[in-house]
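Inspection log for the structure reproduced underneath, given as structure tokens.
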Number of protein chains: 2
Amino acid sequence: MAIQNRLTQMLRIEHPVLLAPMDLVSGGRLAAAVTQAGGLGLLGGGYGDADWIEREWDAAGNSRIGCGFITWSLAKSPGILKRALAHAPAAIMLSFGDPKPFAAQIHDSGALLVCQVQTVHQAHRAVEAEADVIVAQGTEAGGHGMSEPLFTLLPQVVDVCPNTPVVAAGGIADGRGFAAALMLGAQGVLMGTRFYASMEANGHPEAKQRIVAAEAGQTVRSIVFDLSRRNRWPAPYTGRLLRNRHAETWLGREDELATRMEDVSREYAEARERGDFDIAGVIAGEACALIHDIPPAGEIVERIVAEADQLFVRYHR
Amino acid sequence: MAIQNRLTQMLRIEHPVLLAPMDLVSGGRLAAAVTQAGGLGLLGGGYGDADWIEREWDAAGNSRIGCGFITWSLAKSPGILKRALAHAPAAIMLSFGDPKPFAAQIHDSGALLVCQVQTVHQAHRAVEAEADVIVAQGTEAGGHGMSEPLFTLLPQVVDVCPNTPVVAAGGIADGRGFAAALMLGAQGVLMGTRFYASMEANGHPEAKQRIVAAEAGQTVRSIVFDLSRRNRWPAPYTGRLLRNRHAETWLGREDELATRMEDVSREYAEARERGDFDIAGVIAGEACALIHDIPPAGEIVERIVAEADQLFVRYHR
């Protein structure tokens, strides 16, 4: 039996399972696959490459999808949002920075505004921006984020946003996490790393294999990778990635790295180019330790829904 | 309807809710109150003060309780464990360090061995020590711990310990957290901070008030407080406490603090003596943001059981 709630009604989806708009990894094929399985696919618009977005929207075919952006990238190239809205997205998800300057344009287009937050303070700001859905992202998440763990962040965000559906993100990879998020007050989940390790993701095969192979404690949240690609984010944002040789070399030596960015970034870019993930980073969250295969994305959606259902049956009162 | 499982059967309790053995805070009155409400109270034997333990065991009256110890304190004063076992405890909980040297003595006495772990690696060691129950403690927890968040640590520990009941600790303060922990595979929960803010806890009234007043993000995991009381723990253990003026003064300046421990520790000890919590630390976890009152401990047990039951009814399949 499908879980239906305000979130599924608003998004007009069968299962409250969203694809995290992972920059470049969440392409059209993956977004379409998640939507076709009853969830909602979100393209990883990220830093806002217009050509990439057009191409991936085409790749999604007629599937009803949305798109995610890093808010301050929209501020740099405002035309991007207009182009995305021209595709009649189901939702636009904004992460980091202030969503307010873009809220009216999104709402006027008929798309829903999804705002990702990492703190209770940001949740208040998202409500002020009239977010239709709030994503509470715990520190477990891969990629950029902050330090608060999902288990305590999520119920706090739910408590301060009583009129807005909250979606849990960070650390969710199976039906146990899905069910736990619902218990903590979420109406749905948004998964990144789990969908990275899917057949349709635009990720390097070696990166997917490393996610599958990763064990507990093999991710780290730091600024090493941002420094290494000359892409500094404002504190206190950090990025979670798999630990690799490059991370072990530079963790704890970030000040020195900052003075050697030119050399290191060249080496880093070359490593990315040739798929050398001892140097290039694999962006992944703590959920990687719970991921053991690379199935089709639709199967992932089916599995977590079925697993959660079994748990609800077991605890049937 | 009470949740009954292998954990409740083994511990012979009505509700799978355990009191964290908070050093000195979890005294006899509090342990007895949790047991009387259907859970299991554990005295905070901590560093192993024999007189304190005798006194608090008396204060618990005839209630069936257990006792927790920091494992390496037992190694320093082995007589303590024997004295605790003479009280016929329901369980002995060991945290940090290697439990194996004490396992046989505990089992031979008829008490159950409960081992707290912060990593999957430690969970394997607990199984090797023939732990009857494993507590998976997330980084959200107050006091000493490590860095892995509960949401991803817990299901991993459950997966590697299929024959041992796992209890979740860290970040749990209400029925939402209790229900979520069960979904992630735990058979019960162990709560510290929530019971610290109870009428029966041996805590300073001002410390309890600060826990109630604390908002999101007001705790921090660091070595500042250990350095300030000249009680260095081996890395990577750190202690989570409420942020206060002392923390703000020294966070990021730990190396300097280490060279000034003599002066600082004197000031710190005096502050503890006079109940000045701008300097002295209040040991509390991230769950403090979910705690808004100081009820009797029995009421806390009743509440979280009832709240979880309501959630299970709502998600009844």
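See the values below:
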| quantity | calculated |
| --- | --- |
| Solvent-accessible area per residue for the range A:207-308 (1.4 angstrom probe, square angstrom) | 46 Å² |
| Within the range B:51-171: Cβ-based charge dipole about Cα centre, in debye rounded to nearest 20 (Lys, Arg +1; Asp, Glu -1) | 200 debye |
| The range A:201-259 versus the range B:15-69: alpha-carbon centroid distance in Å | 43 Å |
| Selection from B:L150, A:L112, B:Q9 lying farthest towards where the dipole of the protein assembly as shown points positive, charges on Cβ | B:Q9 |
| Point-charge dipole on Cβ atoms (K/R +1, D/E -1) for the protein assembly as shown, about Cα centre, debye to 20 | 500 debye |
| Tensor-based shape of the range A:161-242 (alpha-carbon gyration tensor, a/c under 1.5 rounded, otherwise prolate or oblate) | oblate |
| Residue (of A:N62, A:L184, A:L311) at the positive-pole extreme of the protein assembly as shown, dipole from beta-carbon charges | A:L311 |
| Of the GluC sites (Glu not before Pro) in the range B:168-231, those whose Cβ has at most 11 other Cβ within 10 Å and which sit in DSSP loop | B:E215 |
| Centre separation in Å (Cα based) which lies between the range A:300-317 and the range A:104-126 | 30 Å |
| Solvent-accessible area, 1.4 Å probe, carbon plus sulfur percent, for chain A | 48 percent |
| Average beta carbon contacts from partner chains per residue of A:171-180, 10 Å cutoff | 5 |
| Formal net charge of residues neighbouring B:L40 (Cβ-Cβ distance under 12 Å; K, R +1; D, E -1) | +1 |
| Ratio Rg/Rh [Cα only; Rh per Kirkwood] for the range B:165-206 | 1.07 |
| Debye, to nearest 20: dipole size of chain B, +1 on Lys, Arg Cβ, -1 on Asp, Glu Cβ | 360 debye |
| Percent of Cα pairs exceeding the 35 Å cut-off, where the set is chain A | 14 percent |
| Solvent exposure, largest accessible area first (probe 1.4 Å, DNA, RNA and ligands not counted), of B:D23, B:D58 | B:D58, B:D23 |
| Using distinct alpha-carbon pairs, which all enter the 1/r mean, Kirkwood radius of the protein assembly as shown in Å | 25.2 Å |
| Shape call, the range A:21-63: gyration tensor on alpha carbons, a/c limit 1.5 | oblate |
| Reachable aspartates and glutamates from A:K76, criterion Cα separation under 14 angstrom, eight or more residues apart if same chain | A:D49, A:D98 |
| Partners for A:K82 among lysines (Cα-Cα distance below 30 Å; same-chain residues under 8 apart left out) | A:K100 |
| Axial C-alpha extent at least 20 Å, average Kyte-Doolittle at least 0.0 - helices from chain B (DSSP) | B:297-314 |
| Accessible surface, the range B:31-80, averaged per residue in Å² (probe 1.4 Å) | 36 Å² |
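The values are calculated or read from the model by the stated rules, or taken from the named source; none is laboratory data. Predicted model only: the values in this text are computed from it and were never measured. With ideal geometry, Cβ positions are generated from the backbone for all residues, glycine too; neighbour counts draw on all protein chains shown. To get the accessible areas, we keep the full protein, side chains included, count just its heavy atoms, and leave off ligands, DNA and RNA. Shrake-Rupley method; radii C 1.70, N 1.55, O 1.52, S 1.80 Å.
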